[in-house]
Amino acid sequence: MELNFVTVVSGLPRSGTSMMMQALEVGGMPILTDNIRKSDQDNPKGYFEFEPVKKTRDDPSWVQVAAGKAVKMVYRLLYDLPHDYEYRVIFMDRNIAEIMASQRAMLERTGQQGADISDEKLTQMFEKDLEKIYQWVNQQGNFSMISISYKDMVQEPLPQCRRVNDFLGNCLDIDKMASTVDASLYRNRR
């Protein structure tokens with residue numbers, strides 16, 4: 001099946017976007033990734049990033065070859081996508097306390113410093129950002145979006161994969177998608 005839209009996997013950092021990208025790829029959807037960022041202890045199955053996405057505001061030319069494929073981008077970059085394409089966004093939704101715990105664990109393992117901001121302030125910022133991006137996407141004629149719970153995807157992947165498949169036009173192997181989910185990687189539960 002030839003798809004005329006770009007599938008975008010998005011969400012807050014550490015929200016399960018890499019897991020969804022892997023599920024899409026195994027399910028039969030071509031993905032845009034450059035494999036520059038290698039798998040590690042925090043994402044043992046890979047990050048599935050595509051560097052040109054980070055420069056979309058200045059150079060959106062990569063979007064020309066993205067129809068029928070999936071690409072991962074952090075939620076703030078959605079605003080930079082050119083308006084003359086159709087996008088279907090799979091937005092990964094994860095408990096913000098779990099996201100912060102996962103981010104802290106990753107920073108500690110890599111010896112990096114996080115932002116000097118309280119968890120309460122960061123939670124408020126994320127909640128405000130999410131509200132804003134949901135409203136913005138709903139106002140765009142060329143965007144449609146589905147929200148997938150990280151917790152539900154890990155605990156019951158088949159129904160979530162079915163929802164994603166329906167959203168994308170029933171072109172994926174949902175059993176293969178669900179088989180890629182590794183519940184042991186759900187390490188920062190709240």
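Key figures for this structure:
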quantity	calculated
Residue satisfying all of: in the range 136-156; part of a helix (DSSP H, G or I) and either under 19 Å from residue 7 (Cα atoms) or aliphatic (A, V, I, L, M) (or both); farthest from the chain's Cα centre (by Cα) among these	139
Total residues in the range 143-171, condition surrounded by fewer than 16 Cβ atoms within 10 Å (Cβ to Cβ) and among the β-branched types (Val, Ile, Thr)	1
Pair list, Cβ under 7 Å, 6 or more apart: the range 142-155 residue closer than 16 Å to residue 94 by Cβ, other residue polar (S, T, N, Q) and buried (at least 18 other Cβ atoms within 10 Å of the Cβ)	148/160; 150/15; 152/160; 153/160
Cβ-Cβ under 6 Å pairs, at least 6 apart or on other chains, the range 46-66 side more than 17 Å from residue 25 (Cα to Cα), far side outside any helix (DSSP H, G or I) and among the aliphatic types (A, V, I, L, M)	51/36; 53/73
Whichever residue in the range 1-20 is modelled with pLDDT of 95 or more and closer than 19 Å to residue 182 by Cα and, among such residues, is surrounded by the fewest Cβ atoms within 10 Å (Cβ to Cβ)	9
Selection within the range 176-190 - surrounded by 13 or more Cβ atoms within 10 Å (Cβ to Cβ) and either at pLDDT 90 or above or not charged (D, E, K, R) (or both)	176, 177, 178, 179, 180, 181, 185, 186, 188
Candidate set: the range 70-93, residues that are assigned to a loop (DSSP other than H, G, I, E, B) and crowded, with 19+ Cβ neighbours inside 10 Å; chosen: the one modelled with the highest pLDDT	81
Filtered residues of the range 154-175 (kept if closer than 13 Å to residue 16 by Cβ, modelled with pLDDT of 95 or more and among the aliphatic types (A, V, I, L, M))	164
Matching residues in the range 94-121 - criterion: being in a helix (DSSP H, G or I) and at pLDDT 75 or above	96, 97, 98, 120, 121
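The values are calculated or read from the model by the stated rules, or taken from the named source; none is laboratory data. None of the values given here were measured: they were computed from a predicted structure. Cβ atoms come from the backbone with ideal geometry, glycine included; neighbour counts cover every protein chain shown.
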